[in-house]
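Notes follow once the structure below has been shown.
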């Protein structure tokens, strides 16, 4: 993953307004967007396609409730590994491929990876951690269990700081 701000297409306030609305409700109609933003449906359609083509919108998904599947146990597992050439990508991909793993973060500091997992039972969690430990290069794991989840904004546009918003809206000078 590139740490630098990737060369994004020039976005304006209208693009951000469309993105904010689509993130809040992925099923919003073109007509509703057009009415809310005082644009034609064709203008909305064109802008959405441009945002998709430029990789700003990566897909359309449904927000599925994990509790509907009994996935009530969430764990945060720190993973320490042997440092060899290419280890971050290889081990990161291997951790991500384990069933039950939701997110994997390659980190700097005392641990190399932080893994967020969601399962139905302690037995499933034990199996998941055993699969992590069995990966070549994994030296040690340490897990914490989430006691309660707090809902917060999960949208990219909703979490932009004022400075980040200004940076996104500035035309690229490259």
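Working from label points 7 Å from Cα in the Cα-to-Cβ sense, the residue 93 to residue 122 distance is 3.6 nm. Axis angle, to the nearest 10 degrees, between helix 41-53 and the longest C-alpha principal axis of the chain: 30 degrees.
Using R0 = 30 Å, the C-beta based FRET efficiency linking residue 169 and residue 85 works out to 0.15. Protection proxy ranking for 33-42, 12-21, 63-72, using the average of other Cβ atoms within 10 Å per residue and placing the highest first: 12-21, 33-42, 63-72. Relative contact order, whole percent, for the chain stands at 27, derived from Cα pairs under 8 Å and 6 or more residues apart. From least to most packed, judged by other beta carbons within 10 angstrom and beginning with the fewest, 165, 144 follow the order 144, 165.
What does the convex hull of the alpha-carbon atoms of the chain project to on average, in nm²?
Values: hull surface 51.9 nm².
The Cα convex hull of the chain, projected and averaged over all directions, gives 13.0 nm².
With an 8 Å cut-off on Cα pairs and a minimum separation of 6 or more residues, tell me the relative contact order of segment 13-62 in percent. Answer for segment 13-62 is 31 percent.
All of the numbers you see were taken from the coordinates with simple rules; none came from a lab. It should be emphasised that the depicted structure is a prediction, and the values quoted were computed from it without experimental measurement. Neighbour counts run over all protein chains shown; Cβ positions are idealised from the backbone, glycine included.
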